[in-house]
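The values are calculated or read from the model by the stated rules, or taken from the named source; none is laboratory data. What you see is a predicted model, and the numbers here were worked out from it, not measured in a lab. Here Cβ is always computed from backbone atoms with ideal geometry, including for glycine, and neighbour counts include all displayed protein chains. Calculation scope for accessible area: heavy atoms of the full protein, side chains included, ligands and nucleic acids excluded. Shrake-Rupley method; radii C 1.70, N 1.55, O 1.52, S 1.80 Å.
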Amino acid sequence: MTATGEEMHALVERLYPLCRSITGDGVRATLAIIGEHLPLQVHEVPTGTQVLDWTVPQEWNIRDAYVADTAGNRVVDFAASNLHVLGYSVPVSATMSLSELRPHLHTLADHPAWVPYRTSYYTPEWGFCLAQKTLDALPDGEYEVRVDSTLADGHLTYAEHVVPGQVADEVIVSCHVCHPSLANDNLAGIAVATFLAGSLAEQTPYYTYRFLFAPGTIGAITWLARNAEAVRRVKHGLVLACAGDRGQLTYKQSRQGDAEIDRVMRHVLLASERPHRMTEFTPYGYDERQFCSPGFNLGVGSLSRTPYAGYPEYHTSADNPDFVCPAAMADTLAVCQEVFAVLDRNRRYVNLRPHGEPQLGRRGLYDSLGGRSDAKQAEMAMLWVLSLSDGDHSLLDIAERSGLSFDTIAAAAGALHGSGLVQA
Amino acid sequence: MTATGEEMHALVERLYPLCRSITGDGVRATLAIIGEHLPLQVHEVPTGTQVLDWTVPQEWNIRDAYVADTAGNRVVDFAASNLHVLGYSVPVSATMSLSELRPHLHTLADHPAWVPYRTSYYTPEWGFCLAQKTLDALPDGEYEVRVDSTLADGHLTYAEHVVPGQVADEVIVSCHVCHPSLANDNLAGIAVATFLAGSLAEQTPYYTYRFLFAPGTIGAITWLARNAEAVRRVKHGLVLACAGDRGQLTYKQSRQGDAEIDRVMRHVLLASERPHRMTEFTPYGYDERQFCSPGFNLGVGSLSRTPYAGYPEYHTSADNPDFVCPAAMADTLAVCQEVFAVLDRNRRYVNLRPHGEPQLGRRGLYDSLGGRSDAKQAEMAMLWVLSLSDGDHSLLDIAERSGLSFDTIAAAAGALHGSGLVQA
Amino acid sequence: MTATGEEMHALVERLYPLCRSITGDGVRATLAIIGEHLPLQVHEVPTGTQVLDWTVPQEWNIRDAYVADTAGNRVVDFAASNLHVLGYSVPVSATMSLSELRPHLHTLADHPAWVPYRTSYYTPEWGFCLAQKTLDALPDGEYEVRVDSTLADGHLTYAEHVVPGQVADEVIVSCHVCHPSLANDNLAGIAVATFLAGSLAEQTPYYTYRFLFAPGTIGAITWLARNAEAVRRVKHGLVLACAGDRGQLTYKQSRQGDAEIDRVMRHVLLASERPHRMTEFTPYGYDERQFCSPGFNLGVGSLSRTPYAGYPEYHTSADNPDFVCPAAMADTLAVCQEVFAVLDRNRRYVNLRPHGEPQLGRRGLYDSLGGRSDAKQAEMAMLWVLSLSDGDHSLLDIAERSGLSFDTIAAAAGALHGSGLVQA
């Protein structure tokens, strides 16, 4: 696990310098690197495509950008950090006074050494982000201002990876890939999703698992618009974001609030005795906003460590690879694996001998289950499964009602299924 | 508001001396004075009319009543206070010893200076109410006893005032007008209802508001019996009683317990941070008993300050105009106005773009809403309204779920409605 | 009541020496003694009969059994206590060394002076149960081992006693009769059931009460298999077990959890202010396992004092007649009587004058009910019954909602029924 944590951190570091946005070559380069770990199906959706209530915007690419003083020194330089440029800046090439420039400069007064992250996707605008202390040190005078970007018809790019399951019903795992040099938000989520997909592919899970790497909001909306069939198959889902900081885990419930993924997550987090927070759904945050919009209302929750906007480094240059740690990412990954291990086995069985107890003894269901106190617990688990397998109770319900572990209950259901006493 | 409190108190003082009962000229005189504030439709229902399980009784009127000693001194005198006569006393004119008289005398041993209020509507009886200390001071001997009353076929009188709304669905506000010289029970309720009606008439509310000024029990039953059509239109209602004493507010829930009026009242009382009590429905109290009887089961609660029978002055001469105060009546009125302001706007909207979030930006729904943190809150409110406007959630539900104020949510719904994103 | 406690204890003492099992003459002798108190219908079901998922086993009878040393001294002797023989031991007659014998010897290391109770109904086996200290004192050497038992086709025996009611709907009271010399488990339960049946027979209850005296598990399963018609009539039920120890009462709820018997039991135990425990259903314990299996899912709970396996004396020679006490059995019996007194009167009425309050005064429903504060309470009770008798609320619901006693509510319902204001 530690090794996996280090591998995920290495992926974060490798992806960190790329200049991602909601469209453009930075997204393509990111998907190419993820593609080295997982086979990806990459989709290119043309500018102007209608997607639900939205329209795919023009594609944005940038080569260079800077503010230079009259001596030609770059006082703000895209080459040093892609955060320096307002996302989706239109091209500009001009010379202007500092006072003319000021309305286009964004800083963080509270954190004078940090560079903020800002965008203007749908309102044509240009601008620079810089440290307050850099701004404070700029003398009045003329500056050369240049943004060498293009905003032109092109494509919105996203990718999918599907782990085929025994049934067509799907679990969707989604993470946004539109943020530039920000590590926790969301390279850590991308890394956890990538390694989670890899570990699922080693099994044949019950559900089909679909991993979605797409730009936030417009990417999720594009996927939802183009995949009406798949959307109908989605039974559960998880949005991964802010998955690598040192804070405790936070699970934000789906809009339904008691969706199966919500109940499984609660069970796993409680059973594992990890410190954690469960929060109710709010219509703000990441792409759970789209999956849980009332027309879809999917059972999709969101797993983070410190949640959305909950830490000072959020959307600043301080959210760098040092801010995320291998152990935290490994822990997030482990929870995902535990959750999907429960979700994937959580079915409703029906007791086929529901009148009185079936005679377990003559079916060898006492002795076949090993040591003394284990055998007693296995017997209790079988009685619980028989008692509650009326079509209304899932194995998770039975585990919670009985106080026995999900694994014990699932094993009992398996033994009873093997003896023909229950059917799924 | 203070001015309104004083005006309501002046109305209480003016109505106080009148000898009201469940029928008779005292009720007519009371309605005439209310009619100076509000146009009233006065109804006269003949004695003997069948109303549900009851029959309208004979009309009672009284001109004089006293107990006089042999010297002709009136030791108990109706002219001093109408409480001195047992309500609905049959006529009597006799001379008798104190011991013969005693079974007809009612006092309060616990409060020897107070005169109790007693009635005998449906069992023919005569009697006097007096202070215990007055009784104790009476020497043995002969007394002249006279009740100059008439109990004869006539009418039961009640009145209505209707504030027309945008829809025919009704809110009923009811107060009993049958008590003689008792200020809190129920002249304060009458005064609050009168001024509430006046303030509603200045707007065009959504609901039609019907104010009912009627004698307790038999009056409500008579109205229910004669207005089957209107009863079907009543969606919400409030009984006003004991509305002016200095105690904290008490809201008694409807029999339904979770009727919309119950939820709105709870929300307003909590949001306003007024000290208050919420109590469950009991089949005792005021005319909510009739409106909430199982055959009607209307969403009608009851608002009081100190509730029914909850104060020592209840149904005694100590419930006089000094017992009620202008500020308390003004506060009761204000709560009613706040409650109806919420109730009147509390509708269920349906998101017309429920698949994903609609693009608010291109509709100008970010900037159009004023200052910085206001704008952020307005945006959150719009996202909440969009998320929960699935036909199952009212604006009150959304306010409670989001933690935002009802006004903020209602404003967001209005903005979204203006952009065609939701419909009622 | 004390007298009844002593009578029940005498019955326990009389039944104690008999060697009961799931079949055999010990059960027949037990039923014969119960039959001296109650007319019983005794059923004999042949070996090999299919009953639900089970088969009636061969009948077991035993005449003698011992382990003797070479001097002929019986070191373990069935004649001293029937617990010494493993229940359903197959016959054996052999001489063997102590080490060969050891695997057939059962002791309790934690309680070296007590003899455990063990059985092997469905796996052919023989064995002896003895005190650990007896075993420890046995010298090595040869022992004569003899079990003079027969295991042969015969019958399973159980008995019923029915108290006819006004309706065919049934309440079943069940107790297991298969345990040999164990007093609390379940001679105390048998004694309470016997005297409960006797006291019910003195009335004509509303429900028909069926008492079942049958061996545990296989007996209940046999009854369920052979009485499909009666099972459909069972509306409520109670399993009596461990009914006589000095611990507080424990009620284990039915699988439904909110069955009427569960609610009545909770009400009676709370109202009586007895210390007690309410526990949720588990699929382990006594014959509630069978009655509550999902195919039947009857409203059957289980009343014990210290519950199943909850005391060290459980299933040992220490569960002797001294372990149970007359007062505890009398208390268990009293609770059963109180519970059935409520259950038997707990019906849903419908208010026939649901629009407004009916005029109680002209029907004489105020005065006809005795003293002052009683009359007030009776009036409140009538108002509650009228208010909630909409077909959804039982008298128990109304008692709990109003805070009045069940008896007061039931009396009010009776008075209203007498006046034609409600119907059942």
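Things to note:
- Residue within segment B:393-410 that is away from every other protein chain (no Cβ under 14 Å) and of a type in the set (D, E, K, R) present: yes
- Scanning segment B:268-305 for residues that are over 23 Å from B:Ala214 (Cβ atoms) and away from chain C (no Cβ under 14 Å) gives B:Val268, B:Leu269, B:Leu270, B:Ala271, B:Ser272, B:Glu273, B:Arg274, B:Pro275, B:His276, B:Arg277, B:Met278.
- Hits in segment C:41-68 (condition: β-branched (Val, Ile, Thr), open to solvent by 30 Å² or more (accessible area, probe 1.4 Å) and under 24 Å from the mean Cα position of the chain (by Cα)): C:Val42, C:Thr55
- Check on C:Ser317, more than 29 Å from C:Ala201 (Cα to Cα), away from every other protein chain (no Cβ under 13 Å) and either open to solvent by less than 40 Å² (accessible area, probe 1.4 Å) or under 16 Å from the mean Cα position of the chain (by Cα) (or both): yes
- Count of residues meeting criterion [out of contact with any helix residue (DSSP H, G or I) (no Cβ under 6 Å at 6 or more places or on another chain), small (Gly, Ala, Ser) and within 19 Å of C:Gly285 (Cα to Cα)] in segment A:390-410: 1
- Condition check for C:Val163 on (1) surrounded by fewer than 24 Cβ atoms within 10 Å (Cβ to Cβ); (2) in contact with a His (Cβ under 9 Å, 6 or more places away or on another chain): one failure, at (2).
- Residues within segment A:381-392 that are at the interface with another protein chain (Cβ under 7 Å from one of its Cβ atoms), over 13 Å from A:Gln423 (Cα atoms) and surrounded by fewer than 22 Cβ atoms within 10 Å (Cβ to Cβ), tallied: 1
- Residue within segment A:51-60 that is assigned to a loop (DSSP other than H, G, I, E, B) and of a type in the set (Phe, Trp, Tyr) present: no
- Counting the residues of segment A:400-424 that are in contact (Cβ under 8 Å) with a residue 12 or more places away in the chain, of a type outside the set (Phe, Trp, Tyr) and over 20 Å from A:Glu357 (Cβ atoms) gives 4.
- Test: residue in segment B:98-118 that is outside the structural domain of B:Pro312 (by TED's automatic domain parsing), of a type in the set (D, E, K, R), within 29 Å of B:Tyr158 (Cβ to Cβ) and open to solvent by 40 Å² or more (accessible area, probe 1.4 Å): yes
- Test set (1) open to solvent by 10 Å² or more (accessible area, probe 1.4 Å); (2) within 14 Å of chain A (Cβ to nearest Cβ) - C:Arg210 fails condition number: (2)
- Residues within segment B:277-317 that are part of a loop (DSSP other than H, G, I, E, B) and under 30 Å from C:Leu421 (Cα atoms), tallied: 19
- Scan of segment C:350-360 for residues that are of a type outside the set (Lys, Arg) and facing chain B (nearest Cβ under 7 Å), ordered by number: C:Asn351, C:Pro354, C:His355, C:Gly356, C:Glu357, C:Pro358, C:Gln359
- Residue in segment C:361-371 that is of a type in the set (D, E, K, R), facing chain B (nearest Cβ under 9 Å) and either open to solvent by less than 20 Å² (accessible area, probe 1.4 Å) or touching a Lys or Arg at 6+ places or on another chain (Cβ under 9 Å) (or both) present: no
- Residues in segment B:130-153 that are farther than 21 Å from B:Asn82 by Cα and in contact with a strand residue (DSSP E or B) (Cβ under 6 Å, 6 or more places away or on another chain): B:Glu142 only.
- Hits in segment A:188-207 - residues which are under 17 Å from the mean Cα position of the chain (by Cα) and of a type outside the set (A, V, I, L, M): A:Gly189, A:Thr194, A:Phe195, A:Gly198, A:Ser199
- When C:His355, C:His417 are screened for being part of a loop (DSSP other than H, G, I, E, B), surrounded by fewer than 21 Cβ atoms within 10 Å (Cβ to Cβ) and of a type outside the set (A, V, I, L, M), only C:His355 passes.
- Checked against the criteria, B:Arg274 counts as over 22 Å from B:Arg347 (Cβ atoms), touching a strand residue (DSSP E or B) at 6+ places or on another chain (Cβ under 9 Å), not aliphatic (A, V, I, L, M) and not in a strand (DSSP E or B).
- Taken residue by residue, segment A:172-195 has at least one member that is closer than 17 Å to A:Pro39 by Cα and open to solvent by 20 Å² or more (accessible area, probe 1.4 Å).
- Qualifying residue in segment B:24-37 (condition: open to solvent by less than 40 Å² (accessible area, probe 1.4 Å), within 14 Å of chain C (Cβ to nearest Cβ) and more than 29 Å from B:Cys325 (Cβ to Cβ)): no
- Residues that are farther than 30 Å from B:Arg118 by Cα and within 14 Å of another protein chain (Cβ to nearest Cβ) do occur in segment B:326-349, at least one of them.
- Among the numbered conditions (1) buried (at least 24 other Cβ atoms within 10 Å of the Cβ); (2) more than 14 Å from chain B (Cβ to nearest Cβ); (3) in contact with an Asp or Glu (Cβ under 9 Å, 6 or more places away or on another chain), the only one that A:Met265 does not meet is (3).
- Selection within segment C:247-262 - assigned to a loop (DSSP other than H, G, I, E, B), open to solvent by less than 50 Å² (accessible area, probe 1.4 Å) and in contact with a strand residue (DSSP E or B) (Cβ under 6 Å, 6 or more places away or on another chain): C:Gln253, C:Ser254
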